[in-house]
Amino acid sequence: MGGLFGVASKNDCVMDLYFGTDYHSHLGTSRGGMAVYTGNGFSRYIHNIENVQFRAKFENDLADMEGNMGIGCISDTEAQPLTVCSHHGHYALTTVGRINNINELVKKAFAVNYIHFLEMSRGEINPTEMVAALIDLEDTIKDGILRAQEEIDGSLTMLVLNHEGIYASRDRLGRTPLGIGEKEGAYCVAFESSALPNLGYALKRELGPGEIVRITPDGIESISPAREEMKICAFLWVYYGYPASSYEGKNVEIMRYRSGEALARKDDVEIDGVAGVPDSGVAHALGYSGKSGFPYVRPFVKYTPTWSRSFIPQDQSIRNLVAKMKLIPIPELVKDKRLLFCDDSIVRGTQMSETVELLYNFNAREVHIRPACPPLLYGCKYLNFSRSRSEMDLITRRTIRELEGTDPVNIDDYSDPGTEKYNCMVECIRKKLKFTSLRYQEIDDMIDSIGLPKCRVCTYCWNGRE
């Protein structure tokens, strides 16, 4: 997915920017970058951080950076922030989101005599550069941001830094969060509210869907008001978000406790202990344990000193290897035990299959699996939360094809726990992955655990409804 952070301060902002950006490193890091306005231009550094921590990669750059306003990012793919020279003057730009119609937008830009786009190493156009092009087609930065919000199919949250301050713009439907922090002499803007407290900031407010503000060392100016409709991504709470963060006033860790409790309320399994698949499954498991009365145990631990999150490598085989190598079993807590595991989700099923095989190799008696969200039936078309290249990467879709003998046009019955087709799909997945039992979270329980009205949360991944 990616994350972003910005600072406007009456004093030097570099250290706040450095640590604030680093606090977003859990968001699927591939590239990291920082740009600081120096008064005459920008000091900018971008590094590949796939195999090294953000802090270590940028530590040597800090001595060469100085300024009171800056933006930073953690990106899934493209190098950011970009620095741009256009009729708006010099500005730096960083984005989070997904552009589905980038080829169409490129053609439209060429039709109005936009000269060229630089290609990335994979031969693709940098999506953030496409956003810069849309901004430059308008007379003002504000109008350019509004144009980008309207023309992009997908989602777009961005920070634009120039001599006037930081323009902060949340996605038109608020699919990703953006909050403003305040402390004496400085303001910050962040994807993750968890980045604020240790830097001395208090959350002042969250931007509404489509809202645009300009942040300076002296305050916050409203540029364009928030829109009414919101479709924030539910997966932020289920998996992606950091436990200490809150979105729309709803804390991630508390949501996960409630989610685990909801799973336990509808369960009747007899077990010896409840465990969470680290890290994001842990809080769900704690909630399950508290509600069910079964003890919380750790039959394996995650080796955190060197292993990053397993979805980061581009190659699926390497991701599978990382997922396997980072979990170390504790045989004494596995042998002859009936264990229930909470995890955030089952996507391809590969990692969970290998985890269960590991447990059986250490003589687990039973392995019950409880995902904290419903079966994933659709690839996300709004955010890059999965590297799946096809919906057929999803174990649900492969299973549906096996059951139907084809790829049906309508799969609504497979998202409804009350149908025979749903139950057949779940049973088929259970057998395929060799679980003792498998029960998914129901969508209404997931939404209730978040605590927002259903109409304001995006559930597309589970039921195909926007």
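A few comments on the model shown:
- For ILE212, residues with placed amide H under 5 Å, excluding near neighbours: ILE223, SER224
- Cα centroids of the range 130-181 and the range 207-282: 23 Å apart.
- The alpha-carbon positions of the range 68-177 define a convex hull whose volume is 105 Å³ per residue.
- Prolate/oblate/rounded call for the range 1-124, Cα gyration tensor, a/c under 1.5 rounded: oblate
- Cα-based helix-to-principal-axis angle, 127-136 vs the chain, degrees rounded to 10: 40
- 36 Å tail of the calculated P(r), the chain, as % of Cα pairs: 30
- Loop-located trypsin sites (Lys or Arg not before Pro) in the range 339-387, at most 16 other Cβ atoms within 10 Å (DSSP): ARG365, LYS381
- In nm, spacing of pseudo-spin labels at LYS454 and ASP407 (7 Å Cα→C-beta vector): 2.9
- Acute angle (nearest 10 degrees) that the helix 395-404 long axis makes with the longest principal axis of the chain, alpha-carbon atoms: 60
- Neighbour net charge for LYS108 - beta-carbon separation under 12 angstrom, K R +1, D E -1: 0
- Sparse packing (at most 16 other Cβ atoms within 10 Å of the Cβ) combined with a DSSP loop state is found for the following trypsin sites (Lys or Arg not before Pro) in the range 428-466: LYS434, ARG465.
- When the GluC sites (Glu not before Pro) in the range 136-231 are filtered for DSSP coil states and for at most 14 other beta-carbon atoms within 10 Å of their beta-carbon, the remaining sites are GLU184, GLU228, GLU229.
- Based on Cα contacts under 8 Å between residues 6+ apart, the range 3-230 shows a relative contact order of 21 percent.
- The range 250-463 shape via C-alpha gyration tensor axes, a/c threshold 1.5: rounded
- The long axis of helix 252-265 is offset from the longest Cα principal axis of the chain by roughly 20 degrees.
- Under 13 Å from LYS302, Cα to Cα: aspartates and glutamates that are on another chain or at least 8 residues apart: ASP279
- Calculated FRET efficiency for the pair GLN53/LYS266, C-beta based, R₀ 35 Å, to 0.05: 0.30
- log₁₀ of I(q)/I(0) at q = 0.17, 0.18 Å⁻¹ - the range 3-230, Debye sum with one point per alpha carbon: -1.23, -1.39
- Residue pairs, from the table LYS337/LYS434; LYS183/LYS204; LYS231/LYS381; LYS204/LYS250; LYS335/LYS432; LYS10/LYS183, whose Cα atoms sit over 19 Å apart: LYS335/LYS432
- Three-way shape call for the range 144-236 based on the alpha-carbon gyration tensor, with the a/c threshold at 1.5: oblate
- Where labels lie 7 Å past Cα in the beta-carbon direction, separation of THR419 and ASN60 in nm: 5.7
- Take every Cα pair under 8 Å whose residues are at least 6 apart in sequence, average their separation, divide by the length of the chain, and the relative contact order is 12 percent.
- Cα-based equivalent ellipsoid, the range 323-420: semi-axes from gyration tensor eigenvalues, Å: 29, 16, 12
- Inverse of mean 1/r across different Cα pairs in the range 152-194, Kirkwood, Å: 11.6
Every number here is computed from the coordinates shown, using simple stated rules; none is lab data. Computed from a prediction, not measured in an experiment: that's the story for all the values here. All Cβ positions, glycine included, derive from the backbone under ideal geometry; neighbour counts span all protein chains shown.
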